[in-house]
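Engineer: Following this message is one structure expressed as structure tokens.
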């Protein structure tokens with residue numbers, strides 16, 4: 001039986017007088033790659049933020065490996081879970097290397113010297129995202145795709161067993177989308193890292209994920225393996241989309257073809 005990494009129980013999320021997610025009970029498997037899918041406005045990003053304790057629920061609970069997330073000390077949580085939100089903004093003039101170094105903050109005391117482990121984690125992260133040669137370049141001089149990869153390097157340098165990313169393929173061309181998702185998959189396989197992403201591309205989600213969560217306007221539509229989630233009936237329920245679902249000719253995973 002697969003252990004549970006993140007769990008929500010009767011979780012209700014919202015802003016002011018608007019409920020975005022209501023009474024959601026969900027379990028995400030430990031040591032797997034999970035992608036959260038659904039139409040715009042269904043609460044994907046809000047759910048991810050709640051799982052990382054960036055926002056507090058209106059009601060219900062989020063737990064991490066069986067421990068209620070609100071009760072975990074802040075630094076201890078940052079050593080276990082890293083999140084890359086949407087539209088992150090770097091300080092003006094900061095270099096790629098200095099941005100990535102911020103990922104080591106949870107592991108260092110206020111006056112602690114920079115360690116060999118810190119340096120190795122940052123160098124490894126820069127290599128993994130293909131930015132080692134641009135380490136001394138200012139982040140605001142990078143292309144949109146390079147900037148996104150710099151932020152991904154930051155969360156990789158944080159070196160946590162749980163990694164949450166909100167639309168990590170934003171601004172990336174198709175080649176770099178595949179590279180980033182392959183990198184996250186490799187992190188998962190090599191280190192057992194639990195990866196949770198919000199994605200818009202259904203076919204890439206099916207190709208790179210073990211587990212999918214499909215949300216609709218009225219809440220959870222389906223959760224489970226890609227073959228279970230990406231069915232014609234579920235796609236119509238979640239998106240109002242009439243589509244054909246066929247095996248991907250390369251991977252055999254579900255491939256969605258709009259009718």
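Engineer: Do you know the relative contact order of the range 164-234, to the nearest whole percent, from alpha carbon pairs under 8 angstrom that are 6+ apart?
Structural biologist: RCO, the range 164-234: 24 percent.
Engineer: Another question about this same structure. Looking at the chain, send over the antiparallel percent of its DSSP beta bridges, to the nearest 5.
Structural biologist: 60
Engineer: Which of the three applies to the range 123-246, rounded, prolate or oblate, going by the alpha-carbon gyration tensor with a ≥ b ≥ c and a/c under 1.5 meaning rounded?
Structural biologist: It comes out prolate by the Cα gyration axes.
Engineer: Rounding to the nearest 10 and keeping the result within 0 to 90°, find how far the Cα-based axis of helix 174-191 lies from the longest principal axis of the chain.
Structural biologist: 80
Engineer: Now, a different point. What is the helix-to-structure angle for 144-158, meaning the angle in degrees between its Cα long axis and the longest Cα principal axis of the chain, kept from 0 to 90 and rounded to the nearest 10?
Structural biologist: Tilt of helix 144-158: around 80 degrees.
Engineer: May I ask you to derive the relative contact order of the chain, considering only C-alpha pairs under 8 Å and at least 6 residues apart, and to give it as an integer percent?
Structural biologist: Relative contact order of the chain: 22 percent.
Engineer: Under the √(5λ) rule applied to the eigenvalues of the Cα gyration tensor, what semi-axes describe the equivalent ellipsoid of the range 5-80? Give them in Å, descending.
Structural biologist: 20, 15, 11
Engineer: Compute the distance from the alpha-carbon center of the range 15-73 to that of the range 92-169, in whole Å.
Structural biologist: 25
Engineer: Can you give the angle from 0 to 90° between the axis of helix 116-128 and the longest principal axis of the chain, with both taken from C-alpha atoms, to the nearest 10?
Structural biologist: Long axis of 116-128 versus the principal axis of the chain: about 50 degrees.
Engineer: Got a sec? Which residues in the range 127-171 would a label at residue 190 touch, if it sits 7 Å along Cα→Cβ and we count backbone N under 11 Å?
Structural biologist: So the set is 127-129.
Engineer: After finding the eigenvalues of the alpha carbon gyration tensor for the range 72-112, what semi-axes result from the square roots of 5 times each, listed largest first in whole Å?
Structural biologist: 21, 15, 7
Engineer: State, as an integer percentage, the relative contact order of the range 53-174 based on alpha-carbon contacts under 8 Å between residues 6 or more apart.
Structural biologist: Reported as a whole number, the value is 37 percent.
Read the figures in this text as sums done on the coordinates, not as results from a lab. It should be emphasised that the depicted structure is a prediction, and the values quoted were computed from it without experimental measurement. Cβ: placed from backbone, ideal geometry, glycine included. Neighbour counts: every protein chain shown.
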